[in-house]
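Input: a single structure, listed below in C-alpha cells.
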Amino acid sequence: MSEPKSPARVAGMAKMQEVYGFTVDPDDMEGPYVDVTVDHLFGTVWTREALDVRDRRLATIGVIAAQGVPELLEVQFDAAMARGELDEEQVRELVLHLTHYIGWPLSTGMSGAAERVIARRRKAAASSTEAAPTTEES
C-alpha cells in the first residue's frame, strides 16, 4: 500500500491538471525534478491567490518567449486557448506585443508556435464538426 500524498502533491497535481489539462505523478518518475515541479511550483506557487491562472500564464508566456523556447510556448498557447483564457486574436496580439520587447529573431519562434497551435485547433474543430451528425442525418 502506498503512502498518502502530501497536501502540496495533491494541490500541485490538481493545479497542473487545471492549468494544462494533464498532470504527472512524481511517484511514477525518477529523480527530484518532477517532485519539486509538482509540489512546489504547482502546489505552492501556482496556487497562490494574488494572481489567477491567466495572469500567471501571460507572465510565463512572456518569459518563455524571451528565452526562445517555442515548444513550451505551444503548450502554453494551447492550454490558454483550451481553457478560454485567450482566443486566436488575443494570442496573435500577445505575439505582436511581445515581439517589441523580445526582438524579431526570438519572436519568429513565438509566432510560429502560435500559428501552429491555431492551425491544429482549427483543424481539430473542423474535424469534430465534420464528424458530428447533422439533425437530418440523426
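A few remarks follow.
- Top-ranked residue in region 1-60 [being in contact with a Lys or Arg (Cβ under 7 Å, 6 or more places away or on another chain) and of a type in the set (Phe, Trp, Tyr); ranked as surrounded by the most Cβ atoms within 10 Å (Cβ to Cβ)]: Phe42
- Residue in region 21-29 that is small (Gly, Ala, Ser), under 28 Å from Arg92 (Cα atoms) and touching a Ser or Thr at 6+ places or on another chain (Cβ under 8 Å) present: no
- Flag for Glu74 being part of a helix (DSSP H, G or I), crowded, with 16+ Cβ neighbours inside 10 Å and of a type in the set (D, E, K, R): yes
Readers should treat all values here as calculations from the given coordinates under stated rules, not as data from a laboratory. As the structure is a prediction and not an experimental result, all values here were calculated from the model. Note that we place each Cβ from the backbone using ideal geometry, even for glycine, and neighbour counts take in every protein chain shown.
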